[in-house]
Amino acid sequence: MKSTSFQASLAAAVMLAAAWLASPVSAQQQTQPAAPVASTATAPAAPAAAAPTASTPDGASVDAGGRTLKSAAPMMKELSPWVMFMSADIIVKAVMIGLAFASLVTWTVFIAKSIELSVASAKLRSALKKVAEARSLAEAQMALGAKEGILPSFLAAALREARMSAGISSDTGIKERAASSFAEIVRAEQRRIRIGMGVLATIGATSPFVGLFGTVWGIMNSFIGISKSQTTNLAVVAPGIAEALLATAIGLVAAIPAVIIYNHFSRVTKSYLELVSRASGASGRLLSRDLDRSHGSVHSRAAE
């Protein structure tokens, strides 16, 4: 019994001694990692500031860890025509709207004059064919019927002059007065057929300069913005200059078609006025035949 209690006491003493010897080692293991933790909490502050970075094509920065940083330069906005128009100054907007309206007027005149000239030329050619075989003014009027046009106007003027000059033996005076009436009709037709040509000439001559005014105004505002922002970064300068140049582009878009259409109508109008001259000559020849025929009949009756 005593030996058993002794062995138990000896075992307890050995365990207490082992625990006492082991307690300093465990204390060291618990206190030593504290220093590295404290150092890691403060040390990385310096390397983080000095971490190497690289720039991407869009202006953003990439650090050593591959993370994309926010770009310091402002992103350039989309430079579509509509965005540039909406971002332009009020004066430049007014110039662009005016030039767009001028372009609309140009194409409206082109469509209207094309229809007018084609219809008028077709009617006049058809009328000239109908009176080509007529022997007198009355017969020519019957061939044309009650239609309105430039040739019926010539025939009516010739008949009116012949009626008003009844009893006058001088055929030369009658022909001169009829020719004067024909000239008035031709001048009136020239004025009528050239309606809209002046608008085309004005648009073609002034549109480039109006667009240039908008460009100068827009670039002036761009330079003012550069002076205020105190930077020449392309993202700051490019939008304002592009908006200004858009005004010049619209001016050219309005002017070039106007000049081309004006030259086209000048040629077409000249061809139509040549047909008008042919109609005037045909009416004058019919009047001369009637006068000669009337004088021949008078001489024949006098001979009888």
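The values are calculated or read from the model by the stated rules, or taken from the named source; none is laboratory data. Computed from a predicted structure; not experimentally measured. So basically every Cβ, Gly included, is an ideal-geometry build from the backbone, and we count neighbours across all protein chains shown. Keep in mind that these areas ignore ligands, DNA and RNA; they rest on the heavy atoms of the full protein, side chains included. Shrake-Rupley method; radii C 1.70, N 1.55, O 1.52, S 1.80 Å.
Observations on the model:
- Verdict on residue 242 being assigned to a helix (DSSP H, G or I) and modelled with pLDDT of 85 or more: no
- Pairs with Cβ under 9 Å, 6+ apart, first in segment 122-143 and in contact (Cβ under 8 Å) with a residue 60 or more places away in the chain, second of a type in the set (Ser, Thr, Tyr): 124/272; 131/283; 137/283; 140/283
- Residues in segment 168-226 that are at pLDDT 85 or above, hydroxyl-bearing (Ser, Thr, Tyr) and more than 22 Å from residue 265 (Cα to Cα): 180, 181, 215.
- Only one of 218, 196, 251, 214 that is at positive phi and in contact (Cβ under 8 Å) with a residue 24 or more places away in the chain: 196
- Condition check for residue 166: among the hydrophobic types (A, V, I, L, M, F, W, C) and part of a helix (DSSP H, G or I): no
- Residue in segment 91-104 that is over 30 Å from residue 222 (Cα atoms), open to solvent by less than 80 Å² (accessible area, probe 1.4 Å), touching a helix residue (DSSP H, G or I) at 6+ places or on another chain (Cβ under 9 Å) and hydrophobic (A, V, I, L, M, F, W, C) present: no
- Conditions (1) in a helix (DSSP H, G or I); (2) more than 16 Å from residue 94 (Cβ to Cβ); (3) open to solvent by 20 Å² or more (accessible area, probe 1.4 Å); (4) not hydrophobic (A, V, I, L, M, F, W, C): number failed by residue 231: (1)
- Counting only residues that are closer than 29 Å to residue 202 by Cα and not aliphatic (A, V, I, L, M), segment 213-239 holds 6 of them.
- Remark: pairs (first residue in segment 271-294, farther than 23 Å from residue 189 by Cα and touching a residue at least 24 places away in the same chain (Cβ under 8 Å); second residue aliphatic (A, V, I, L, M) and open to solvent by less than 10 Å² (accessible area, probe 1.4 Å); Cβ separation under 7 Å; 6+ apart in sequence or on different chains) = 290/137; 291/174.
- All told, residue 266 falls short of being in contact (Cβ under 8 Å) with a residue 60 or more places away in the chain, assigned to a helix (DSSP H, G or I), surrounded by 17 or more Cβ atoms within 10 Å (Cβ to Cβ) and of a type in the set (Ser, Thr, Tyr).
- Unique match (being closer than 30 Å to residue 153 by Cα and either in a helix (DSSP H, G or I) or more than 23 Å from the chain's Cα centre (by Cα) (or both)) among 237, 216, 186, 253: 186
- Annotation for segment 144-156: at least one member residue is under 24 Å from residue 266 (Cα atoms), open to solvent by less than 60 Å² (accessible area, probe 1.4 Å) and not in a helix (DSSP H, G or I).
- Residue check, residue 181 in contact (Cβ under 8 Å) with a residue 24 or more places away in the chain, buried (at least 17 other Cβ atoms within 10 Å of the Cβ), more than 30 Å from residue 247 (Cβ to Cβ) and of a type in the set (S, T, N, Q): yes
- Looking across segment 111-166 at every residue that is hydroxyl-bearing (Ser, Thr, Tyr) and modelled with pLDDT of 90 or more, the one that is nearest to residue 186 (Cα to Cα) is identified as 153.
- Sole residue being more than 47 Å from the chain's Cα centre (by Cα) and open to solvent by 70 Å² or more (accessible area, probe 1.4 Å), chosen from 125, 160: 160
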